[in-house]
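Data block below; observations after.
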Amino acid sequence: MQPRLDFWKADPKLLNAVAALNKAATESGLEHSLGHLVKIRASQINGCSFCVDMHTKEARKDGESEQRLYLVSAWRESPLFTARERTALAWTEKLTLLASGPVDDALYAQALEQFTEAELVKLSVLVGVINVWNRLCVSFHAIHPLAEGASAAA
């Protein structure tokens, strides 16, 4: 796959604004471990290899276990995620796949059991911004660095 364009170069002012929103959402006070899970799950759904690669590496660096990273895509079947994390992952999936239908009252009630109203806004913005990055990287074929030992044909 060949990159289509360098979106940073094409509009640095706008991309710096996206980066600033990303920084604000990431540093909003939600647990960093939760932020990693949200970013990974949305990126998996959107098929963004650049972001999956980036955020799994960041999560590992911040102490996340390999086992939990392997199970993010199967979080419903895994006992390794807390109720708060499960709610965040369900919220992430729903907001990422919003075209499939609105957020139902049950999920909203569940979210308010695990998050304050302010935290739910922070979580929603975090989900929104990773979806922006995914859309940029997937549409313009952002190329992530190859993993050590991997070949270009892999």
- request: Confirm whether SER65 is among the hydroxyl-bearing types (Ser, Thr, Tyr) and touching a residue at least 40 places away in the same chain (Cβ under 8 Å).
  value: no
- prompt: Does LEU71 meet the test of being free of Cβ contacts under 8 Å to residues at least 12 places away in the same chain, under 21 Å from VAL138 (Cα atoms) and surrounded by fewer than 19 Cβ atoms within 10 Å (Cβ to Cβ)?
  reply: no
field: Only one of SER43, SER49 that is out of contact with any Leu (no Cβ under 8 Å at 6 or more places or on another chain), surrounded by fewer than 23 Cβ atoms within 10 Å (Cβ to Cβ) and within 15 Å of ARG135 (Cβ to Cβ)
entry: SER49
message: Which numbered condition in (1) part of a loop (DSSP other than H, G, I, E, B); (2) loosely packed, with under 12 Cβ neighbours inside 10 Å; (3) polar (S, T, N, Q) is the only one that SER28 fails?
response: (2)
message: It is to be established whether one or more residues within region 120-137 are more than 18 Å from the chain's Cα centre (by Cα), among the polar types (S, T, N, Q), modelled with pLDDT of 95 or more and in a helix (DSSP H, G or I).
response: no
field: ARG76, sole failed condition from (1) among the charged types (D, E, K, R); (2) surrounded by fewer than 14 Cβ atoms within 10 Å (Cβ to Cβ); (3) under 27 Å from PHE140 (Cα atoms)
entry: (3)
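Per-residue answers, yes or no, for (1) on the phi < 0 side of the Ramachandran plot; (2) of a type in the set (Val, Ile, Thr); (3) within 15 Å of the chain's Cα centre (by Cα):
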| residue | (1), (2), (3) |
| --- | --- |
| GLN67 | yes, no, no |
| VAL72 | yes, yes, yes |
| LEU80 | yes, no, no |
| LYS94 | yes, no, yes |
| LEU97 | yes, no, yes |
| GLN110 | yes, no, no |
| GLU113 | yes, no, no |
For PRO3: the one exception among (1) surrounded by 15 or more Cβ atoms within 10 Å (Cβ to Cβ); (2) more than 17 Å from ASN131 (Cβ to Cβ): (1)
message: Tally up the residues in region 72-107 that are within 20 Å of VAL121 (Cβ to Cβ) and either at pLDDT below 95 or hydroxyl-bearing (Ser, Thr, Tyr) (or both), please.
response: 3
message: If I ask for residues that are outside any helix (DSSP H, G or I) and either under 22 Å from GLY128 (Cβ atoms) or in contact with a Leu (Cβ under 8 Å, 6 or more places away or on another chain) (or both), which ones from region 77-107 would you list?
response: SER78, LEU80, PHE81, LEU97, GLY101, PRO102, VAL103, ASP104
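The values are calculated or read from the model by the stated rules, or taken from the named source; none is laboratory data. Just so you know, these numbers come straight off a predicted model, no measurement behind them. Here the Cβ is made from the backbone with ideal geometry for all residues, glycine too, and neighbour counts use every protein chain on show.
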